[in-house]
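Peer 1: Please see the structure below; I have some questions.
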Amino acid sequence: MAYVYTNDTELIEHLKRGIESAYVYVVTFYHKPLFIYALSLTNDRDSSEDVVQNVFLKTWEYRKRLNSNYSIKSFLYKTTYNEFINQYHKKRTTFALERLYTEALDEFIDENNTQLLQEKIACVNKGIEKLPKKCKKIFLLSKKDGLTNMEIAEHLNVSIKTVEGHLAKAYRLLRERVGAQLKTILLLLFGPNVETLVN
């Protein structure tokens, strides 16, 4: 029989200590109410499920930072709302980027520049391959994998300034190859993700 928690202090303390039964209790007890709450925000069952799953993942990931004197229910509902807001903004950004992607592709097609497009993409690819080793790695983590500068810094154990410096260097070297159309080429090459349009 699963352990039943009668107060938040004990529950949060067990979560902070990484006791799995506490996490199972939170998921079991709060999944349905959080899903209903998320559904009231998103009006979409799949999106609501994604929101709730992310809430539980973040609860476990940040469990050591939980305040034992704080209501776990309030924390979960607040996190659910914040996750909804994050997804909402991401979707708006994605839609805008997809439109830019389509417009960029149409620009080349309308001008019958298919061959020119292929040549410039090949030029950028060659330029990426010739980037200094660390510069190339950071550039691909940003553009190909879509990681933020903060995520790259944590992944490589370097400062954000170092990441920004390498990205700036990569842009400068690649821009020397294709000029002002670099952003358009990167958009077509890596697809419509947020990081592609940074810088």
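Taken together, the values in this text are just the output of simple stated rules run on the coordinates, not laboratory data. Computed from a predicted model, the values in this text were never measured in an experiment. Note: ideal-geometry Cβ built from the backbone for every residue, glycine included; neighbour counts use all protein chains shown.
Peer 1: Using a simple spin-label model with points 7 Å from Cα along the Cα→Cβ vector, what separation in nm is obtained for ARG45 and VAL27?
Peer 2: Distance between the two pseudo-spin positions: 2.1 nm.
Peer 1: To check my understanding: the extent here is largest minus smallest coordinate of the Cα atoms along each principal axis. What are those three numbers for the stretch 8-89, in Å, largest first?
Peer 2: Here the Cα extents, ordered largest to smallest, are 35, 22, 18 Å.
Peer 1: Highest mean first, what order results for 152-161, 72-81 on Cβ atoms within 10 Å?
Peer 2: The peptides rank, most packed first, as 72-81, 152-161.
Peer 1: Can you give the extra length, in nm with one decimal, that the chain gains between LEU140 and ASN86 once fully stretched, where that is 0.36 nm per residue apart less the Cα-Cα distance? Intermediate results must be reported in sequence, preceding the final value.
Peer 2: Values: separation 54, 0.36 × 54 = 19.44 nm, distance 2.43 nm.
Length gained, LEU140 through ASN86: 17.0 nm.
Peer 1: Okay, moving on. Could you compute the FRET efficiency for LYS161 and SER68, with r as their C-beta to C-beta distance and R0 at 30 Å, rounded to 0.05?
Peer 2: The value I calculate is 0.25.
Peer 1: Suppose R0 equals 35 Å. What FRET efficiency, 1/(1 + (r/R0)^6) with r the Cβ-Cβ distance, do GLN53 and GLU119 give to the nearest 0.05?
Peer 2: With a Förster radius of 35 Å, E is 0.20.
Peer 1: Taking the mean number of other Cβ atoms within 10 Å as a proxy for protection, how do you rank 31-41, 61-71 from highest to lowest?
Peer 2: Most protected by this proxy first, the peptides run 31-41, 61-71.
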